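Just below is one structure, and these are the notes that go with it.
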Amino acid sequence: MGDDVDRDKKNQDYKILVVDDDPLILTNMERLLAREGYRVDRAESGETAMDKLRDIGFDLVMTDLVMDRVDGMGVLSFAKGLYPDIAVIMITGFADMKTAFNAIRLGADDFMLKPAESEEIYFRVKRCLESRELKIKVNQRTLELEDLNRQLKKDITQRKRAETKLQKTNMALSDSLSKLKFAQDKLIQSEKLASLGGMVSGIVHEINTPIGIGITASTFIKQLISKMEKNLVNETVDVQAIDKLLKKTHEAAAMIHANLGRAGALLENFKQVSVDQISEIPRKILVDEYINEVIASLSVELKHSPHRIVVNCPQNLIFDSRPGALAQIITNFVMNSVTHGFEGMDQGEILFEIHADDTTLYLNCRDNGKGMGRDAVKQIFDPFYTTRREKGGTGLGLYVVYNLVTKALSGTIECVSTPGRGTEFKVKVPLNGWMV
Ligand SMILES: Nc1ncnc2c1ncn2[C@@H]1O[C@H](COP(=O)(O)OP(=O)(O)OP(=O)(O)O)[C@@H](O)[C@H]1O
Ligand SMILES: [Mg+2]
C-alpha cells in the first residue's frame, strides 16, 4: 500500500481529519494513516472537527457517525457546505447501517463498518482520494471547456461579424469598381473625341491649302477662257495668244491635279487614323510568307526601283492577330524608306528582321538611307509632320503606324536614326494582345 494515490501527488500531500469520540480508536486510526505517509489530524468531537475544518483545508474527513451533540451527519454537512470537493468517509457500527446509507445519499463518499481492517481503511481512503482528485480534474476540465466554448462562441460571432463586414466592403468595392470602369470608359470615350477633334481641325487646316490653291488655279483658268471668248468675238485672236492660253491652262490644271491629289491623300490617310474602325477579324498567318506577299504587292508603287528589300524571319513563325494592321505598317515603312531615306540614292537596302519569344513578336525595320536628325525623330509620329508637304506628303503615315502598333496591336514602337546612317524602327507586339 505504499503506492502514490496518483502520479502527481504523494500521500504526504494529503491532509486527513479523523473524528471519533473514542480516543483509542482515534489514536489507532491516526497511527495507521500516518504509517502510510498521510498527514493526519484528529478531533475528539463534532465541534472540534468543525473548528479544525474551518481553519485548515483538509482533503478527506473520516468521521464516526454516532457522537454526542454534533454527530457524523453534522460534520458531513458542515464539511461539504464549506468545501464541496472534500471527501468524507463515515464510520459506523452495523446497527447504524440505515443511517449510513442516508449519509451516502446526502453526499458522503463512502462508509466503513467498525471495526475496520487496516487494509480496508487504506483501500477506501485511497479510493476516495483518487475519485476526489478525479472529480476536481473533471470539474477543472469542464470549466476549461466551458471557457473554451465561450471563447469559441465569441470567436464565431466575431468572425461572422467580420465576414458580414467583409462582404459589405466587397460589395462596396465591386460597386466602386464598376463606377470606376464606367468613368474610365467615359474618359476614354471623351479622350477619343478630343483627339478626333484635334485631328479634324488638323485635317481642315491641312486640306485648306491644296483646296485653296485648286480654287485659285481654277478661277485663273476660268478668267483665261473668258478673256479668250471675248477676243474670239472681237476676232483679235492669233496663234500666239492661243499658245499662251494653252500653256497657262496646262500649268493651272497641273496645279489643280497635284493639290486635289494631296487633298485626296489626306482624306485617305485620315480614314486610316481611326484604327477603332478596323473591322478585320483576327486570324493566323505565317509571318515570313505574309510580309513577302505585302512587299511584292508594292512593286507598282516602287516602280521596280533598284532598292533591295530583305526579310529575315523564321519560316514557321505564326502571328495570330490582325494581319491587315501588319500590312499597313510594313507598307508605310517601305514607302518612307524609298521616298525619304533613299531620296537621290541609287541603291538603298531595307532589312526586316523578325523573331518572337513566348510572349512577344519583335519586328525591326532598318534602312541605310539618309537618316534624320534628333529633332525630326522627336516629331516623326506626330500627325501632319512631313518634310514633303509640297510633294504631296500628308505626315499621317507614321501617325497611322503608331496608332496601329499601340492601339490595334497593343504594342510599342520606337525610332532610332542618325543623319547619314539610316533609320531603324523597332516594333514589339504581344503575341495575343491585339485589340478585340
Ligand atoms: N525611313 C525614313 N528615312 C528618313 N526620313 C523618314 C523616314 N521615314 C519617315 N521619315 C520622315 O518622317 C516624316 C513623316 O513620315 P510620315 O510617313 O508620317 O509622313 P510622309 O511620308 O511625309 O507623308 P505620307 O506618309 O502621307 O506620304 C517624313 O516626311 C520624313 O521626313
Ligand atoms: Mg509616309
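The figures follow:
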{"quantity": "Cα-centre dipole for region 184-273 with unit charges at Cβ (Lys and Arg positive, Asp and Glu negative), debye to 20", "calculated": "80"}
{"quantity": "Charge dipole (the chain, unit charges on Cβ, about Cα centre) - positive-most of Ile329, Gly393, Val125", "calculated": "Gly393"}
{"quantity": "Distance in nm between pseudo-label sites at Thr360 and Glu146 (7 Å out along the Cβ direction from Cα)", "calculated": "6.9"}
{"quantity": "Value of [θ]222 nm, deg cm²/dmol, for the chain, DSSP H segments ≥ 4, -39500 (n - 2.57) each, nearest 500", "calculated": "-19000 deg cm²/dmol"}
{"quantity": "Separation of alpha-carbon centers, region 304-320 and region 393-412, rounded to whole Å", "calculated": "20"}
{"quantity": "Ile309 long-range amide H proximity, modeled H, under 5 Å", "calculated": "Ile350"}
{"quantity": "Given charges at beta-carbon only (K, R positive; D, E negative), |dipole| of region 364-418 in Debye", "calculated": "100"}
{"quantity": "Dipole moment magnitude, nearest 20 debye, the chain about Cα centre, only Lys, Arg, Asp, Glu C-beta charged", "calculated": "2600"}
{"quantity": "Residues Lys153, Lys52, sorted so that the one with the fewest Cβ neighbours within 10 Å comes first", "calculated": "Lys153, Lys52"}
{"quantity": "³J(HN,Hα), Karplus 6.51/-1.76/1.60, whole Hz, each residue of region 368-375, x for Gly, Pro", "calculated": "9, x, 7, x, 9, x, 4, 5"}
{"quantity": "Note, ³J(HN,Hα) from phi for region 37-50, Karplus 6.51, -1.76, 1.60, rounded to Hz, x at Gly and Pro", "calculated": "x, 5, 8, 10, 10, 10, 9, 8, 8, x, 5, 4, 4, 4"}
{"quantity": "Equivalent ellipsoid, the chain (semi-axes from 5 times Cα gyration tensor eigenvalues, Å)", "calculated": "121, 26, 15"}
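Each value in this text was obtained by applying a stated rule to the coordinates, not by laboratory testing. Bear in mind that the values here come from a model prediction, so they are computed numbers and not experimental data. Glycine also receives a Cβ, built like all others from the backbone with ideal geometry; neighbour counts cover every protein chain displayed.
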